[in-house]
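Structure record follows, encoded as structure tokens.
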Amino acid sequence: MAMPVARILFVLPLPEPFDYAVPEGMDVSVGSYVTAPLGQTERLGVVWDMLDDAAAAGRTLKPVISVYPAPPMPAAMREFISWAAKYTVSHPGHVLGMALRARGGLTPSPTETVFHLTGEEPKKLTDTRRRVLDAAEEVGAANAATLAAAAGVSSGVVKGLVSAGALRAEEMAADAPFAVPQPDLPGAVLTGEQGEAADALKAAMRTGGFAAFLLDGVTGSGKTEVYFEAIAEALRVDPDAQVLVMLPEIALTQAILSRFEARFGAAPAPWHSGLSDKDRRRTWREAVHGRARIVIGARSALFLPFANLKLVIVDEEHDGSYKQEDGVTYHARDMAVMRAKLEGAGVVLASATPALETVVNAEAGRYTRLMLAARPGAARLPDVELVDLRRAPPAKNQWLSPHLVHAMQETLAAGEQTLLFLNRRGYAPLVLCKACGERLKTPGTENWLTEHRYSGRLVCHVTGYSIPKPSVCPACGAKDSLMGVGPGVERVAEEVRVLMPEARIEIFSSDTAMGGDATRGIIDRMETGEIDVLIGTQIVAKGHNFPNLTLVGVVDADSGMKGGDLRAGERTYQLLSQVAGRAGRAERPGRALVQTYAPDNPAMLALADGDRDGFLQIERDVRAELGLPPFGRLAAMIISAPSAEMVDETCREISLAAPNAAGIELFGPAPAPITVLRGRHRRRFLVKAPRNIDLSAYMAAWLARLKPPRPVRVSVDIDPYSFL
Ligand code: ADP
């Protein structure tokens, strides 16, 4: 008798699904998570299609081995995976892998034994027993190890209390379910414009189906409060609705998790690269079963196979970290809109400095634009003042102008806080030999080594290569001749310590805030006023509210403008207005001083004038003129090989294989942004096309013509973002 056929897509970089027979009695349907034999091993995959019995006639197919007891992957998710693979020119199985990053979540939670108080007193009440009962009273039902640790006794004491009748054992899921959010707890009393924006979002939730919004509001204008109302409405309309909230650098923003908890009475389910395996499988399982109702995550959360996704929020939608650069390269903001479309869900892109792409989409009517122009209550946007470093430069080998130093002293005297922003980690971005002029680089590359004084090392921020700082120049052998050139946050901190010895100073960068705890420590001390001057890299720009922060100093506003990146001006504008927006968020007004050698640059002028739309207009004209995104399309092909000769040779062949197509312009090969990475030499072709050309299809056709030799790797990056 013929058996039904399951067409299985495996979590492997394979171009298509394979057919397997479904044994009788096995409950397999489209979307089922299954294992099946492939080569010598058993592999995980998802049933992409079911063929009827006739398809098996005359074929010898291997059987499906097992089915996981998880709900089948919904059709919208399968479509999304197929679409994303096509768009990014990747294998669908590779994209499927991104949706299956927690295989432990495919099976039900393991159980563990927890102990409850029975209310009975044990006959023999020793001191250790007393302590365990007190601990159980305090922490509630918990496993033996937790109770024993809380009471400071061995777990034998816990078990003894079970025999004595004072504790009762129960088997419980080790991965606790997430609490259900309550939409009807009171939110903020919205201002007029906040209320209007919230009403538009709520109406869309009631209507249902796909709808895209740009929530465009100055920093601190209450965008979060507004999208809270959209989430609440989604949960009211459909009690089973799931909501995905995406944030850049989620691991760093404890404050926002607490706000969700306060608003909905339940902590959201987290998803980011820093989760333990246990937490990861828990969020994945609960999202797949539809029980995690609000998931808050980094860009990869977009690939969670939600059961019933109704709303997606992309907060700080302009943020560069939404672009994934490794493996399957994708832009999570753009993909979020597509995902919402396929799910029939709402999507809200929120930002104080929306990307030009997003603004153009809103103006073309593809997104509804909701504006928040004011900060509620007393909070005011800071005054931004450009400090012309050509006129009043800092002293030699210093980085803070007299004007900024004076403002910092005033701020300290008023008992208020200063934030100094410099997007350079370490002490000095370049180490130079005074004797021979040698610039220290990572071997085989053009990447400068950054001096880190705290660790005493020279570090490459691109490859991670690091060495202890040498005492002699590796090129000429001169002794004590190496000096750091240019400022990093450590060096600016040193300068502030000399200028303001009484101030409490801390550095906030990914070197000093390595984990969530260290980060929270700095944020807490800043919030409680234990820091006078915080010196930080771009991680300070994101989302924090420091009520007593009234001065922001931008040490080097020009640093982001260098390099041939098409978005350099835009990114500088976004970052600086974000940083400036940290000041004056509560009762006290704030100001921002921006040090620059190019005060006539349009980005700087617009920043000083608060003229974002004027700035966007200049950007838009330039890009339209050059046919760059969003007015044209870009894609890159990156070729890497173990030697420069091999990569150059292959590039010649790849260049010849490029299909001819009207409107397509091909540039390169040129050294890739990171020329040497993990021992591989990289080159890049850049392809430019008008908007109406399917550039993914073009790149796929080109790729299909290539048969590069074994150690050469070729990858495609649609909508590339880094050009440096
Ligand atoms: P954004 O997301 O636009 O930066 P937030 O939603 O974080 O702004 O709001 C900034 C601060 O102002 C937060 O502390 C928030 O709780 C507060 N806030 C915003 N709107 C209101 C309101 N209508 N009533 C009271 N507080 C508000």
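Does the stretch 415-428 hold any residues that are touching a Leu at 6+ places or on another chain (Cβ under 9 Å) and surrounded by fewer than 22 Cβ atoms within 10 Å (Cβ to Cβ), and which are they?
E416
Among the residues of the stretch 270-325, write down those that are of a type in the set (G, A, S) and either within 20 Å of V46 (Cα to Cα) or at pLDDT below 95 (or both).
S273, G274, S276, A287, G290, G297, A298, S300, A301, A307, G320, S321
If you go through the stretch 87-130 one residue at a time, how many are basic (K, R) and surrounded by 15 or more Cβ atoms within 10 Å (Cβ to Cβ)?
Total meeting the criteria: 3.
Is it true that R43 is surrounded by 19 or more Cβ atoms within 10 Å (Cβ to Cβ) and free of Cβ contacts under 8 Å to residues at least 40 places away in the same chain?
It is false that R43 is surrounded by 19 or more Cβ atoms within 10 Å (Cβ to Cβ) and free of Cβ contacts under 8 Å to residues at least 40 places away in the same chain.
Restricting attention to the stretch 525-562, which residues are among the charged types (D, E, K, R), at pLDDT 85 or above and within 16 Å of the ligand (Cβ to nearest atom)?
Scanning the stretch 525-562 gives a single hit, E527.
Name, by its number, the condition in (1) assigned to a loop (DSSP other than H, G, I, E, B); (2) buried (at least 18 other Cβ atoms within 10 Å of the Cβ); (3) modelled with pLDDT of 90 or more that does not hold for L386.
(1)
Just one of the numbered conditions (1) closer than 27 Å to H681 by Cα; (2) touching an Asp or Glu at 6+ places or on another chain (Cβ under 7 Å); (3) of a type outside the set (A, V, I, L, M, F, W, C); (4) modelled with pLDDT under 90 is not true of K469; which one?
The number of the failed condition is (4).
Restricting to the stretch 347-357, name every residue that is away from the ligand (no atom under 16 Å from the Cβ) and in contact with a strand residue (DSSP E or B) (Cβ under 8 Å, 6 or more places away or on another chain).
V347 - this is the single residue of the stretch 347-357 that is away from the ligand (no atom under 16 Å from the Cβ) and in contact with a strand residue (DSSP E or B) (Cβ under 8 Å, 6 or more places away or on another chain).
So if I check each of A568, A606, A586, which one is at pLDDT 80 or above and among the small types (G, A, S)?
A606
Got at least one residue in the stretch 641-648 being over 30 Å from C460 (Cβ atoms) and modelled with pLDDT of 90 or more?
No, the conditions are met nowhere in the stretch 641-648.
Between E317, E343, which is of a type in the set (D, E), touching a helix residue (DSSP H, G or I) at 6+ places or on another chain (Cβ under 6 Å) and within 16 Å of the ligand (Cβ to nearest atom)?
Criteria check complete, one pass: E317.
Need a quick list: helices (runs of 4 or more DSSP H) entirely within the stretch 183-272 having at least 1 residues that are more than 30 Å from A518 (Cβ to Cβ).
192-207, 223-237
Consider D648 carefully, then state whether it is among the acidic types (D, E) and in contact with a Pro (Cβ under 8 Å, 6 or more places away or on another chain).
Judged against the criteria, D648 is a match.
Before we move on, is M73 buried (at least 19 other Cβ atoms within 10 Å of the Cβ), touching a residue at least 12 places away in the same chain (Cβ under 8 Å), within 20 Å of A332 (Cα to Cα) and not basic (K, R)?
no
Here are some residues: G488, G484. Which one is within 21 Å of P394 (Cα to Cα) and touching a His at 6+ places or on another chain (Cβ under 9 Å)?
Selected residue: G488, the only one of G488, G484 that is within 21 Å of P394 (Cα to Cα) and touching a His at 6+ places or on another chain (Cβ under 9 Å).
Take the stretch 221-235 and flag every residue that is within 16 Å of the ligand (Cβ to nearest atom) and either surrounded by fewer than 22 Cβ atoms within 10 Å (Cβ to Cβ) or under 24 Å from K341 (Cα atoms) (or both).
Selection gives K223, T224, E225, V226, Y227, F228, E229, A230, I231, A232.
What is the residue count in the stretch 273-307 for residues that are assigned to a helix (DSSP H, G or I) and either within 16 Å of I231 (Cβ to Cβ) or not hydroxyl-bearing (S, T, Y) (or both)?
15
Can you work out which of the residues in the stretch 157-199 that are modelled with pLDDT of 95 or more and among the small types (G, A, S) is surrounded by the most Cβ atoms within 10 Å (Cβ to Cβ)?
A197
Say we look at the stretch 323-345 and pick out the residues that are out of contact with any strand residue (DSSP E or B) (no Cβ under 8 Å at 6 or more places or on another chain) and acidic (D, E); which of these is nearest to V95 (Cα to Cα)?
Among residues in the stretch 323-345 that are out of contact with any strand residue (DSSP E or B) (no Cβ under 8 Å at 6 or more places or on another chain) and acidic (D, E), the one nearest to V95 (Cα to Cα) is D326.
Out of all the residues in the stretch 474-493, which are within 27 Å of R678 (Cβ to Cβ), in a loop (DSSP other than H, G, I, E, B) and free of Cβ contacts under 8 Å to residues at least 60 places away in the same chain?
Across the stretch 474-493, the qualifying residues are P474, A475.
Between a first residue in the stretch 158-179 that is aromatic (F, W, Y) and a second residue that is surrounded by 14 or more Cβ atoms within 10 Å (Cβ to Cβ), which pairs have beta carbons less than 7 Å apart while being 6 or more apart in sequence or on different chains?
Listed pairs, sorted by first residue: F178/A266; F178/A269; F178/E286; F178/R291; F178/A292.
Mind listing whichever residues of the stretch 692-724 are under 24 Å from S82 (Cα atoms) and either among the acidic types (D, E) or in contact with a Gly (Cβ under 6 Å, 6 or more places away or on another chain) (or both)?
Matches in the stretch 692-724: I693, D694, D717, D719.
Quick one: would you say A267 is more than 19 Å from the chain's Cα centre (by Cα), modelled with pLDDT under 95 and more than 29 Å from S577 (Cβ to Cβ)?
So A267 fits the description; yes.
Return the total of residues in the stretch 330-381 being assigned to a loop (DSSP other than H, G, I, E, B), at pLDDT 95 or above and under 22 Å from the mean Cα position of the chain (by Cα).
1
In the list D238, D216, which residue meets the criterion of being away from the ligand (no atom under 15 Å from the Cβ) and in contact (Cβ under 8 Å) with a residue 60 or more places away in the chain?
D238
Does L389 count as within 31 Å of the chain's Cα centre (by Cα) and assigned by the TED database to the domain that holds I539?
no
Anything in the stretch 377-417 that is among the polar types (S, T, N, Q) and within 22 Å of Y597 (Cα to Cα)? List them, or say none.
N397, Q398, S401
Please determine, by comparing only the residues of the stretch 22-40 that are hydroxyl-bearing (S, T, Y) and either in contact (Cβ under 8 Å) with a residue 60 or more places away in the chain or part of a strand (DSSP E or B) (or both), which one is surrounded by the most Cβ atoms within 10 Å (Cβ to Cβ).
Checked the stretch 22-40; the qualifying residue surrounded by the most Cβ atoms within 10 Å (Cβ to Cβ) is Y33.
Restricting attention to the stretch 498-518, does a residue exist that is among the basic types (K, R) and assigned to a helix (DSSP H, G or I)?
So far as the stretch 498-518 goes, no, none of its residues is among the basic types (K, R) and assigned to a helix (DSSP H, G or I).
The values are calculated or read from the model by the stated rules, or taken from the named source; none is laboratory data. None of these values were measured; they are calculated from a predicted model. Counting neighbours? That spans all protein chains shown, and the Cβs are built from the backbone with ideal geometry, glycine included.
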